Amino acid sequence: MHKSTLLIASIFALAHFAFVAPFVPLANILPAGLGALSMSSMALSLTLAARWRPVDRIMGGPDKSYVAHRWLGFFALGGALGHWALASSVGAGVLPVLADSGEDFGTLAAIGLLVMTAAAVVRAIPYHLWKASHMLMGPIFVLAAYHTFFVASPLAVGAAPWTLMAVVSVVGLIAWIQTLLRKRSPTRLLTVSQVLPFEGGVDVTLDSDVPLPPYRPGQFATIAFNKARAEAHPFTIAGGNEWSRRFIVRAAGDWTDTFVRNVAEGDTFRLGRGVGRFLPQVHAARSAQLWVAGGVGITPFLAALEQMKPDEGAQVTLVYCTRNRASAGGIEDVERHAARLPQVHLVVLSDEDGSRLTKERLTQMVRSMPSKTQAYVCGPEGLQSLVTSAWKGAAMNSRVHSERFDFRGAYGLTEIVYIGKPVLEAARDWATRARNAPNASAGT
Ligand SMILES: Cc1cc2nc3c(=O)[nH]c(=O)nc-3n(C[C@H](O)[C@H](O)[C@H](O)COP(=O)(O)OP(=O)(O)OC[C@H]3O[C@@H](n4cnc5c(N)ncnc54)[C@H](O)[C@@H]3O)c2cc1C
């Protein structure tokens with residue numbers, strides 16, 4: 001987590017304790033502050049999930065909204081569990097007859113939040129099951145709001161924190177209703193006109209009978225099978241015009257496996273509108289660009305190349321990291337565009353012939369670029385951190401724009417090993433030192 005983000009998060013958390021302190025007895029400041037933190041974190045998390053365009057724009061795109069959404073979820077859970085552990089009833093409550101149910105609903109909300117957050121972080125739970133269950137976060141928020149207003153609490157009706165909780169509850173509720181409505185946002189029916197399989201994936205083009213709204217290179221859209229209540233999955237638009245859309249899809253799980261194995265010309269799919277704020281610069285007045293793609297992460301850059309015209313503008317360096325040529329969907333078109341665009345310098349790397357992208361190699365490339373160069377990376381987590389560290393290593397001060405292909409960010413074995421490894425190593429070192437300690441005293 002960036003230092004600035006950590007600072008904002010700490011101020012956000014501590015502000016809740018400072019805000020309630022003048023309005024509750026000393027003994028209640030901690031539980032009341034934790035409760036307030038949990039409520040506003042949930043409301044903000046619901047607001048980010050509502051995907052209002054201005055909010056997505058402020059956040060820098062849906063994938064960034066989902067990262068903040070996830071962290072606010074952890075704040076909400078931490079606040080709720082701390083509040084649950086420390087809070088005790090004070091007074092009779094605004095409507096004494098509802099005070100007991102207020103308490104019970106609070107407990108239900110805390111348990112619900114715990115279970116839902118656990119389901120969100122365990123990758124073993126299939127995405128579509130988790131996504132369906134995650135919709136219960138709305139009712140859990142309603143239970144927590146009921147608890148906030150009807151439990152026997154030290155907060156006086158109309159006091160500033162009480163009013164804040166009222167505003168937070170209304171905002172959270174409206175955001176949840178927006179999320180429910182968004183699920184009904186119109187999609188368009190398109191027909192598959194071309195299927196180009198490649199190793200581990202498929203390159204498809206879909207045609208529309210009606211003109212499609214324009215999209216910006218880098219944006220993504222959801223694709224769903226043309227049947228009621230079908231699951232919608234996001235894919236970056238890899239190209240297309242007013243009448244067509246191109247996607248390059250890698251088999252990564254149950255839905256994409258089925259799609260890659262079975263998609264055929266004539267099939268129909270429902271397409272969402274183009275969204276997202278990962279927008280590599282394609283206009284001639286652009287600053288110099290570094291584009292780094294890993295595997296299907298080439299899709300936003302392929303769309304950008306397609307919309308570019310030959311110009312004398314600043315150079316675009318595109319580094320395309322592939323496993324091998326057979327699994328590099330769209331590579332022929334990437335090379336064709338690079339050949340027709342003098343402003344584009346293409347570097348294709350392949351694990352198979354050992355030409356992997358290393359930090360040293362990238363740092364060297366970046367060192368030869370103008371200081372105002374803008375960097376865009378789309379690919380797996382490891383590639384993103386490699387580019388970010390090479391960028392910092394070359395003392396470039398502009399930020400690295402990145403797109404995550406995984407909104408959920410759940411933890412599987414790899415993440416747990418990645419997180420757990422340093423802990424295990426520290427424990428092993430400690431055990432070794434402890435084991436050797438008596439010998440040291442025996443030697444003296
Ligand atoms: C902004 C964005 C752009 C993407 N662009 C491409 C692309 O151009 N080409 C491509 O091959 N893949 C792309 N992906 C990834 C693609 O959406 C997932 O691989 C696909 O949804 C996996 O679904 P599954 O059921 O096959 O796999 P699962 O086993 O269910 O999931 C595999 C991974 O995909 C994620 N995922 C699953 N379903 C969804 C969903 N509905 N929404 C978001 N994430 C999901 C899960 O968190 C999990 O990490 C993109 C993802 C995002 C978020």
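Taken together, the residues in region 135-157 that are open to solvent by less than 40 Å² (accessible area, probe 1.4 Å), among the aliphatic types (A, V, I, L, M) and either assigned to a helix (DSSP H, G or I) or without any contact (Cβ under 8 Å) to a residue 12 or more places away in the chain (or both) amount to 4. Of the residues Pro211, Pro234, the single one that is of a type outside the set (A, V, I, L, M) and away from the ligand (no atom under 16 Å from the Cβ) is Pro211. Of the residues Val292, Val249, the single one that is more than 15 Å from the ligand (Cβ to nearest atom), aliphatic (A, V, I, L, M), part of a strand (DSSP E or B) and open to solvent by less than 20 Å² (accessible area, probe 1.4 Å) is Val292.
Scanning region 106-124 for residues that are closer than 21 Å to Ser41 by Cβ and open to solvent by 70 Å² or more (accessible area, probe 1.4 Å) turns up Leu108, Ile111, Leu114, Val115.
Give the residues of region 303-326 that are out of contact with any strand residue (DSSP E or B) (no Cβ under 6 Å at 6 or more places or on another chain), closer than 21 Å to Pro234 by Cβ and within 14 Å of the ligand (Cβ to nearest atom), sorted by residue number. Within region 303-326, Ala304 is the sole residue that qualifies.
Restricting Thr258, Thr268 to residues that are open to solvent by 30 Å² or more (accessible area, probe 1.4 Å) and away from the ligand (no atom under 12 Å from the Cβ) narrows the list to Thr268. Number of residues in region 213-225 that are out of contact with any Phe, Trp or Tyr (no Cβ under 6 Å at 6 or more places or on another chain) and under 13 Å from Thr191 (Cα atoms) equals 2.
Taking each residue of region 273-285 that is within 14 Å of the ligand (Cβ to nearest atom) and looking for partners that are open to solvent by 30 Å² or more (accessible area, probe 1.4 Å) with beta-carbon atoms closer than 6 Å, six or more apart or interchain, yields Leu279/Arg216. For region 91-129, give me each residue that is away from the ligand (no atom under 15 Å from the Cβ) and among the aromatic types (Phe, Trp, Tyr). Within region 91-129, just Phe105 meets the criteria. Apart from one condition, Lys227 fits all of (1) over 26 Å from Asp56 (Cα atoms); (2) assigned to a strand (DSSP E or B); the exception is (2).
The values are calculated or read from the model by the stated rules, or taken from the named source; none is laboratory data. What you see is a predicted model, and the numbers here were worked out from it, not measured in a lab. Virtual Cβ from ideal backbone geometry, glycine too; neighbours counted across all protein chains shown. The area values use the complete protein model at the heavy-atom level, side chains included, leaving out ligands, DNA and RNA. Shrake-Rupley method; radii C 1.70, N 1.55, O 1.52, S 1.80 Å.
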